[in-house]
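Scroll down for the structure; my scribbles are underneath it.
The values are calculated or read from the model by the stated rules, or taken from the named source; none is laboratory data. For clarity, every value in this text was computed on a predicted model and none was experimentally measured. Glycine gets a Cβ as well: all are built from the backbone with ideal geometry, and neighbour counts include every protein chain shown.
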Amino acid sequence: MNAGNQRFEKIRHSLPDGIVASSDSHVLRAYSQDLWPRKMIEIREQGPDPEPAMDLVLWPENAAQISDVARWAVRMDCALYPYGAGSGVCGATTADAGEPRPRVVVDLKRMNCVRSIDRKSMTAWVEAGIIGENLERHLNQEGLTLGHFPSSLYCSSLGGWLATRSAGQLSTKYGKIEDMVLSLECVFADGTVAETARAPRSAMGADWTQLLLGTEGTLCFFSAACVLVHPLPEKRVGLSFETPDIRTAMEFARMALQAGLRPAALRIYDPLETSLTLSRAVLKESGFGGGAAIVAQFEGGAAVTDAGAGELLRMAPLAGARRIGDQLAQHWWEHRYDISYKQQLIMSHGRMILDTFEVAATWDKLQAVYEAVKNVNIGFGIVLAHLSHFYHAGANIYFSIVAHAGLTPDVPARYDSIWSDVMRAAEGAGATLSHHHGVGRLRREWIMRERADWMKIFLKVKNGFDPENHLNPGKMGG
């Protein structure tokens, strides 16, 4: 879409009153991508696109304005792209090159208020555009926490978490974002504003909150949410362990989870990731002797925290895990967000390929998934792995790919080839192909493979909610 054509000017000047908007080329270019590594590789290798992919950016300030925008988009036949903070890594906010309609970004960051806190029910009513760090700081001032700490905490929004079914670093205790939401305020394609049931549980038909979460802006906008909050922890205890191999570490985690333990954080690093990403000085100080490294953290009331940590210490030797110095756990806690800001150093080098992908599997398949992906030949590169989210029935594995494109002239094509190989390996071993990053454009093909029959049903639902496909077209199979 050429921003100077007559159709664009028509939509620009027909906007509802009071909507802040921009068609500045620098703004449009900034909103034409998120942090999807493939797009970043394209820009690095080939230069920026000749024209921005987006035509207009809007900043509504409340649900009523989103409703006005939705009705306007139907009237003017525009495609709307909900936008939180742009930290997604799957291209979920980006437009397909073939989208013929005007492409309009709807950025919710002006909707950034904590509307109210109910201390008796321990809930907070929060607008979807708030950045994670700001939400947590606001709650901390009230002696509270949400307990949701993704690595992108400083550059992601509540709305983005809801749209992608986000997971945070302390999820084994506090749950994932879907476990923290009591109700949603939504704006639909026809402009309808509605809130799902605000109750601890309801059997009045389907659970619309859970049905809408994770749909990546294809069914509605999330304008606000009622979320569960908790008192700030009275005490934290960090523990560190080593096991001779990843299999033993997985078994230790399985025993702990199925015994009912819920550490706030539990992280297992395979031997390669341990040796390359954890501080060698801290490993030495902790007395680490080799193999897989494990970090566990308990937090909450003092008595409960001590009891949980004590039980994990009791179980460790039974599972073949050896306790080492807790300097490793302390170092992880103090530097737990650092890795998100180191990736750009690698990506700044020409022809380098870096990406992460997170899968999940039941305990009976987890080792096979790990081995299948680790055995993929990615050429000049390595595959690292750690586990960071655990359940009664299984866990996730977070893989990191660091590779050089070698002599291949087309670096994005080499990225596609590596991505396809590792995804096929995980799929073949029985994993679900996204644990918390979502689908976007990156996994569009793969969700149709993994859930082919269910995606046919989803597309019928999409047609009912948004029959003209105005909301984030090209995503979730739509």
* To do: Scan the range 133-166 for residues that are in a loop (DSSP other than H, G, I, E, B), farther than 10 Å from residue 232 by Cα and not hydrophobic (A, V, I, L, M, F, W, C) and jot them down.
  => 148, 150, 151, 152, 156, 165, 166
* Do any helices (runs of 4 or more DSSP H) entirely within the range 384-478 hold 2 or more residues that are in contact with a helix residue (DSSP H, G or I) (Cβ under 7 Å, 6 or more places away or on another chain), and if so, which? -> 411-428, 444-450
* Give the residue that is farthest from residue 253 (Cα to Cα), with candidates limited to residues of the range 288-307 that are in a helix (DSSP H, G or I) and free of Cβ contacts under 8 Å to residues at least 60 places away in the same chain. => 303
* Evaluate the following for residue 430: is it under 28 Å from residue 169 (Cα atoms), touching a residue at least 40 places away in the same chain (Cβ under 8 Å) and touching a Gly at 6+ places or on another chain (Cβ under 6 Å)? => no
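Quick grid of which residues meet (1) within 26 Å of the chain's Cα centre (by Cα); (2) outside the structural domain of residue 317 (by TED's automatic domain parsing); (3) in contact (Cβ under 8 Å) with a residue 24 or more places away in the chain:
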{"residue": "197", "(1), (2), (3)": "yes, yes, no"}
{"residue": "207", "(1), (2), (3)": "yes, yes, no"}
{"residue": "255", "(1), (2), (3)": "no, no, yes"}
{"residue": "265", "(1), (2), (3)": "yes, no, yes"}
{"residue": "279", "(1), (2), (3)": "yes, no, yes"}
{"residue": "286", "(1), (2), (3)": "no, no, yes"}
* Asked: Mind checking which residues of the range 433-477 are over 28 Å from residue 394 (Cα atoms), among the small types (Gly, Ala, Ser) and free of Cβ contacts under 8 Å to residues at least 24 places away in the same chain?
  -> 464
* Structure fact -> Checked the range 282-302 for anything out of contact with any Ser or Thr (no Cβ under 9 Å at 6 or more places or on another chain), among the aliphatic types (A, V, I, L, M) and within 18 Å of residue 265 (Cα to Cα); matches are 302
* Asked: Taking the range 26-63 as the search range and keeping residues that are free of Cβ contacts under 8 Å to residues at least 12 places away in the same chain and not in a helix (DSSP H, G or I), which one is farthest from residue 104 (Cα to Cα)?
  -> 47
* Set 440, 428: member being within 30 Å of residue 384 (Cα to Cα) and surrounded by fewer than 17 Cβ atoms within 10 Å (Cβ to Cβ) -> 428
* Structure fact -> Of the candidates 325, 290, 310, the one satisfying the condition of being on the phi > 0 side of the Ramachandran plot and over 25 Å from the mean Cα position of the chain (by Cα) is 290
* Kindly provide the set of residues from the range 384-422 that are without any contact (Cβ under 8 Å) to a residue 40 or more places away in the chain and hydrophobic (A, V, I, L, M, F, W, C), ordered by number. => 393, 397, 407, 413
* To do: Please specify each residue of the range 248-282 satisfying the condition of being assigned to a helix (DSSP H, G or I) and under 19 Å from residue 313 (Cα atoms).
  => 248, 249, 250, 251, 252, 253, 254, 255, 256, 257, 258
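Table: residues versus (1) out of contact with any strand residue (DSSP E or B) (no Cβ under 8 Å at 6 or more places or on another chain); (2) crowded, with 24+ Cβ neighbours inside 10 Å.
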{"site": "41", "(1), (2)": "no, no"}
{"site": "50", "(1), (2)": "yes, no"}
{"site": "57", "(1), (2)": "no, no"}
{"site": "63", "(1), (2)": "no, no"}
{"site": "68", "(1), (2)": "yes, no"}
{"site": "91", "(1), (2)": "yes, yes"}
{"site": "110", "(1), (2)": "no, no"}
